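What follows is a single structure, written as structure tokens, with notes after it.
The values are calculated or read from the model by the stated rules, or taken from the named source; none is laboratory data. From a predicted model like this one, the values you see are computed outputs, not experimental measurements. All Cβ positions, glycine included, derive from the backbone under ideal geometry; neighbour counts span all protein chains shown. Each accessible area value is taken on the protein alone, full model and side chains, heavy atoms only, with ligands, DNA and RNA left out. Shrake-Rupley method; radii C 1.70, N 1.55, O 1.52, S 1.80 Å.
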Amino acid sequence: MNKKQLLKLGVPHDCVDVAIACLQADAGSSEKRRAKQVLPRLIAAPQEYLADPAYGPLAKAVLTDYEIRQEKGSVPDFPRGLGKSATDPGGSVKVEYAVWGRDLDAASHSQISAACQLPVARAAALMPDAHSGYGLPIGGVLACENAVVPYAVGVDIACRMKLTITDLPVDALERNDPAECRELDAALKKGTIFGTGGRWNRPQEHAVMDEDWSVTAVTREVRDKAWVQLGTSGSGNHFAEWGVVNLPTGFGQLGAGRYVALMSHSGSRGPGAAVCQRYSDIARRKLTHRFKEDPQLRHLAWLMMNDEDGQAYWSAMNLMGQYAAANHEVIHRNVTKLAGAKRLETIENHHNFAWKEIHQGKTLYVHRKGATPAAAGVLGVIPGNMADTAFIVRGKGEPKSLNSAAHGAGRCMSRTAAKKQFNWPEWREYLRRRNTRLLAGGLDEVPGAYKNIHSVMADQHDLVDVVGDFTPRIVLMCGDDSRAED
């Protein structure tokens, strides 16, 4: 094998001469075939080949090369190896992942298993709402040492849930008569804008726009777009809705009872997507040949946190977190003001984010892609679908889940499949039986496209306690294909 072929297999540049000598020592008719099998595993776990009579010198050289680069701050602790995971017990990887949920799709297992192969991976978990995504599955949790993975955070950075409990009368919303709820309908329609390119003609005001948007080139470039999209809701599964909250034992300053609440789901919109794309491209360019050749691992390209690009992404990601929070604040400010409501209590949480946390006695970067933070005592909101129950929860702090829980019911079929399988007449009837009015939305978001939220909650009873629930009554989403009330 020549130098180019060896580099393609992942042999470090400074170890090529040693690799050639080892190949010559292991010469034979099957030399090339064996090399293709041995070298990737040796690069991933050289300590396992130190005693090999033919490849021991190369294993030692790779370890030495790694230690030199580690001293320079360009790599984390030595890679954990390749192969073994919760679904592949025959390999050699030391990183396994914990699983919550029943009958999770094979693609989700495959994607989280691939994430466990990253040299920076230290722990992982799969939530009961899991389904396949790009790189890390939705509902996937990945802890990395000294590294962040842009696609493990996701495209919609800091996608967020927010629930505001108000002083509005409950009985009128429970009756849900369109004539009686005219102001609530109008508040949703006028208080935010839906759609991929949704933007205000007159930008909204919020202190987040006074932050330093020049922290990276991409955040500087998207600032103007961020301003006109501030207070907008996007498309897909994003929503703004009125519903009834039931608090069996009270919450905060509120006593037990039923309340009208506003709930929203949106993220960092176009600016967040631009940040993800920019730094995903940078991370992929840094990959070795071994990872570039694997289509799953290409979407899991990482950036070292002691590297300039890693620090830049971290700054941009955190700014997107502030922006997503501000986005919801503007939506809730607008909608409650238009409805004449006083805001009494608020619960909110990110997902699609990375947090610097202590786990296993180490400082790790915990990516929760479509997963809710659920450390002990931490409050969050886990929605069901446009017609079924959402839950206010308090985390239990389960270490194996990396203090995480599901972020919703989770899809059980693709958007394309849902549009082919479902029709509006059957789902209009379902919504009527549930006393839910859908002002606008797409067939790909009807309840049948999602898992049963009650099953999902049962599967994570050891991750969160339920504090209260929210029943949707008036729902507004992006009108992708039909006005559901027509």
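Things worth noting here:
- Mean sequence separation of contacting Cα pairs (under 8 Å, at least six apart), scaled by the length of the range 242-314, corresponds to a relative contact order of 20 percent.
- Sequentially through the range 306-321, phi angles give Karplus couplings (6.51, -1.76, 1.60; θ = phi - 60°) of 9, 10, 4, 5, x, 5, 5, 4, 4, 5, 5, 4, 5, 5, 5, x Hz, Gly and Pro residues having no value and appearing as x.
- When the helices of the chain are scored as -39500 (n - 2.57) per DSSP H run of n ≥ 4 and the total is divided over every residue, the value at 222 nm lands at -10500 deg cm²/dmol.
- Note on the range 166-210: along the principal axes its Cα atoms extend 41, 23, 16 Å, ordered by decreasing extent.
- Computed on the Cα atoms alone, the convex hull of the range 302-381 gives a volume of 107 cubic angstrom per residue.
- Largest accessible area first, the residues H206, H351 order themselves as H206, H351 under a 1.4 Å probe with ligands, DNA and RNA left out.
- Calculated accessible area for the range 142-225 comes out at 46 Å² per residue, all protein chains present (probe 1.4 Å; ligands, DNA, RNA ignored).
- With a simple spin-label model that places each label point 7 Å from the Cα along the Cα-to-Cβ direction, the separation between Q296 and H359 comes to 1.9 nm.
- Label-point separation, R102 to K189 (7 Å along Cα→Cβ), nm: 4.3 nm
- For A123, the amide hydrogen comes within under 5 Å of the amide hydrogens of A143, counting only partners 5 or more places away or on other chains and with H modelled in the peptide plane.
- Here the range 375-486 is treated as an ellipsoid with the same Cα gyration tensor; its semi-axes, largest first and in whole Å, are 29, 15, 11.
- Entry for the chain at q = 0.07, 0.08, 0.14 Å⁻¹: log10 I(q)/I(0) = -0.41, -0.52, -1.32, Debye formula applied to identical alpha-carbon scatterers, no solvent contribution.
- Once C-alpha pairs closer than 8 Å and six or more residues apart are averaged by separation and normalised to the residue number of the chain, the relative contact order reads 18 percent.
- Compactness relative to 2.2 N^0.38 Å, alpha carbon Rg of the range 303-444: 1.31
- With θ taken as phi - 60° and the Karplus curve 6.51 cos²θ - 1.76 cosθ + 1.60 applied, the whole-hertz 3J(HN,Hα) list for the range 176-188 is 6, 7, x, 5, 6, 9, 4, 5, 5, 4, 5, 4, 5 Hz, x standing for glycine and proline.
- By definition, a body whose alpha carbon gyration tensor gives a ≥ b ≥ c is prolate when a/c is 1.5 or more and a/b is larger than b/c, and the range 247-365 fits this prolate description.
- Amide H to amide H, with H built 1.01 Å from N, A147 comes under 5 Å of M305, Y365, counting only residues 5 or more places away or on other chains.
- Exceeding the 31 Å Cα-Cα cut-off - candidates K286/K396; K60/K369; K189/K369: K286/K396; K60/K369
- Shape category assigned to the range 104-223 from the gyration tensor of Cα positions, a/c cut at 1.5: oblate
- Interchain or long-range residues, amide H under 5 Å from A440's placed H: M477, A484
- When only Cα pairs below 8 angstrom with a gap of at least 6 residues are kept, the range 282-380 shows a relative contact order of 16 percent.
- Share of carbon and sulfur in the accessible area of the range 357-401 stands at 55%, probe radius 1.4 Å.
- Cα gyration tensor, the range 195-248 - rounded (a/c under 1.5), prolate or oblate: prolate
- Of the GluC sites (Glu not before Pro) found in the range 118-182, the ones in coil according to DSSP and having at most 16 other Cβ atoms within 10 Å of their Cβ are E180.
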